[in-house]
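These notes concern the structure reproduced below.
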Ligand SMILES: [Zn+2]
């Protein structure tokens, strides 16, 4: 349990800075929380969270980080330099869907929520990691099937309510190589992701907020019509793409803290994604 976090949260719980810490530790430190503070979080957060490890699920974003379209992830220029101006400050130019980033419902729906409109409690979730590294090693076009979810549940229990379900394919090892995008001679990409039947299953049969992948897209590389994007985002849920380090968290029992950006009207955007366990 994060004792320091609880102590700090109690001291600072009325401040904005203390909120995230308090949210994660709310039940672990429940004995020292006021009833009103508990009531404010009881309906929206996992029942119990304590942790001693923090894992960064975020890729370091560099200009040459692989993108879906194949161009640079971003361009940067210095507006101020320490040598000349006494401070460093850059201007970055990028589109919303680069690096470890979020897909908001509006990205693939007519009037879904934009990234700033998603309630923050949906960004602190039980994390279920579906390990398909063996399947993906044999087939770069592998898609996580409903059977993979059922097999996971046989070993780890039912996908928790309000979860984020993430695919562990092992693809981050290919960042820096052509295999991450897997573009063939016809321009078709090849990397694993989720099957639309699995999206339907998680939407209809489970209670899940987020879908995460350690590849470029919540649809697999060769897709032509993006059925998972339309289904998942169209149902009001969000996606996270280009995650990493999912092999460093337990397949069940971790909590994801998905730090989405807050651009007004944004269709998504890069963020900082952590897991604690
Ligand atoms: Zn995206």
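Just so it is clear, none of the values below were taken in a lab; they were calculated from the coordinates. Given the structure is predicted, the values throughout are model-derived calculations rather than measurements. Neighbour counts are summed over all protein chains in view; Cβ atoms, including those assigned to glycine, are modelled from backbone coordinates with ideal geometry.
log₁₀ I(q)/I(0) of segment 201-256 at q = 0.16 Å⁻¹, via Debye over equal Cα point scatterers, no solvent, to two decimals?
Those come out to -0.56, one per q.
Rounded to whole Å and ordered largest first, report the semi-axes of the equivalent ellipsoid of segment 64-197 derived from its Cα gyration tensor (root of 5λ).
33, 22, 15
Over segment 37-167, what is the relative contact order in whole percent, taking alpha-carbon pairs under 8 Å and six or more residues apart?
Relative contact order comes out at 18 percent.
Using just the C-alpha positions of segment 127-184 as equal point scatterers, what log10 of I(q)/I(0) does the Debye formula give at each q in 0.13 1/Å?
Each listed q corresponds, in turn, to -0.39.
Obtain the nm distance between the two label points defined at residue 200 and residue 95 by a simple spin-label model: each point lies 7 Å from its Cα along the Cα-to-C-beta direction.
Here the modelled spin labels are 3.0 nm apart.
When averaged across all projection directions, what area in nm² does the alpha-carbon convex hull of segment 172-277 cover?
Working: hull surface 31.3 nm².
For the Cα atoms of segment 172-277, the hull's average projected area reads 7.8 nm².
Roughly how many whole Å is it from the C-alpha centroid of segment 62-107 to that of segment 202-269?
Going from one Cα centre to the other spans 21 Å.
Go through 100-108, 261-269 and give me the packing order, highest mean Cβ count within 10 Å leading.
100-108, 261-269
Ranked from highest to lowest mean number of other Cβ atoms within 10 Å per residue, what is the order of the peptides 85-93, 153-161?
Averaged packing, sorted descending, gives the order 153-161, 85-93.
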